[in-house]
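Note sheet for the following structure.
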Amino acid sequence: MSDSTAMDKSWMDLSNRSLPEYQQGVDQFIQFAFKDYNADKFLRCPFRKCKNNHFFDQNNIKEHLFIHGVQKDYKLWVYHG
């Protein structure tokens, strides 16, 4: 999984964010996005309302994705890897 196109992104289409598949997908996304940064680095947030226009640290991005969901059409992670 060296690039974002090789990663499983099926979790992004799940409506039920309490499913383990969604939670694992968010965790994998966070690991991928922050692989070259520490947790306090501010990156673009792919939360469906932020739409990669707002910057947050790892914890806030993870919280946004768990609580509100991911931007469904962000399949090519151009801002995260």
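The values are calculated or read from the model by the stated rules, or taken from the named source; none is laboratory data. Quick caveat, the model's predicted, so the values are computed rather than measured. Using ideal geometry, Cβ is built from the backbone for each residue, glycine included, and neighbour counts are taken over all protein chains shown. Protein only, heavy atoms only, side chains kept; ligands, DNA and RNA dropped before computing areas. Shrake-Rupley method; radii C 1.70, N 1.55, O 1.52, S 1.80 Å.
Identify all residues within the range 9-48 that are within 18 Å of TRP77 (Cβ to Cβ) and among the basic types (Lys, Arg); write none if there are none.
LYS9, LYS35, LYS41, ARG44, ARG48
Just wondering, is there one or more residues in the range 55-74 that are without any contact (Cβ under 8 Å) to a residue 40 or more places away in the chain and aromatic (Phe, Trp, Tyr)?
Scanning the range 55-74 turns up at least one residue that is without any contact (Cβ under 8 Å) to a residue 40 or more places away in the chain and aromatic (Phe, Trp, Tyr).
Of all residues in the range 24-81, count the ones that are open to solvent by less than 70 Å² (accessible area, probe 1.4 Å), acidic (Asp, Glu) and in contact with a strand residue (DSSP E or B) (Cβ under 9 Å, 6 or more places away or on another chain).
1
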